[in-house]
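Notes for the one structure printed next.
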Amino acid sequence: MKSQNFRKYSKLFGALCGGFLISLPAIPQALAQESTVKVNPRPSIFSEPPYNRSQSPVSPQPSARPAQPVAPAEGQVSPLPPQPGARTPRPIPGDRTQEPSPPTVSNDQQPLVEPRQAPSATIALTNGMVNIRLVNDTAAKITFQVIGDTAPRSLEGKSDVTLQALKAPVTVTFERQDGGQLIVTPQGSSEPGSLEVTFKEATNAAQGRSAMRIERNGSVFLN
C-alpha cells in the first residue's frame, strides 16, 4: 500500500518538474521581447534639410530651358582672365598728378601794384628797411596809407611827411580828397635807404596814380 502511494507521488512530482523545465526557455524570450525598443529605421528628420542630401534630385521639367549667358552690353569690354605667369603691374611711387595749390594773398598787402617792365625808380635799402618822404605840391588834401602798417592819414596841401623804418616789400596808397588825379614822382634821396615821393595835380585820368610798391631789391613800381 505504501509503495503504491510513493509511486503516485513520484509521478506527480515528475510531471510538475517536467512542466517547470519546459516553461523555463519561454520566460527569457518573453523578457527579451518586452525589453526590445522599437526603432524607426527612417525618422522624419532625415527627410528635412540639410539631412535630405541622399534624396534623388528633382528632374527639370521638359519645358524648362537652361539659362543663357548674358552678352556684354555695347561699349563694354569683358575682362580677360589673367594668363598663367603674368604679373600684375605695380604702381610707380610718386606717380600721381598733383594739383597746384592756389596762391595765397595776404590781406595786409592790398591793393598790390603789378610790376611793370621797368621800375619807376630804384633805391638801395638799408637792412631791408626804407624811409619814405611824401611831398604834397597840390592845394588839396591827400589821404595816404601804408598797407598793413598804418591807418589812413591826411596830408595837407603844400606840406610833407616822412614815414620811417618801413620793411620792404611795402605798399603805399594815396588819393586826393577832392577826387582829382595825382601825378606821382618817386626818386632816390641823398640819404641811403630813403625815397622821396612828390605829388602834383594831373590834368587827365591817364596820368593819375593811386598806389606805389617797393620790392625787396629796392625797385619802385607805380600803379
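Please treat every number below as a calculation from the coordinates, not as lab data. Model, not experiment: these values are computed from the prediction. Cβ placement follows ideal geometry from the backbone for every residue including glycine, while neighbour counts extend to all protein chains displayed.
The table below lists the values:
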quantity	calculated
HN-Hα J in Hz across the range 154-164 - Karplus 6.51, -1.76, 1.60, θ = phi - 60°, x for Gly and Pro	10, 10, 5, x, 6, 9, 9, 8, 10, 9, 10
Label point at ASP160 placed 7 Å out along Cα→Cβ; residues across the range 126-143 whose backbone nitrogen lies under 12 Å	132-137
Cβ-defined net charge surrounding ASP137, 10 Å radius [Lys, Arg +1; Asp, Glu -1]	0
Calculated FRET efficiency for the pair ALA151/MET129, C-beta based, R₀ 30 Å, to 0.05	0.90
Residue exposure sequence - VAL161, VAL197 - by fewest surrounding Cβ within 10 Å	VAL161, VAL197
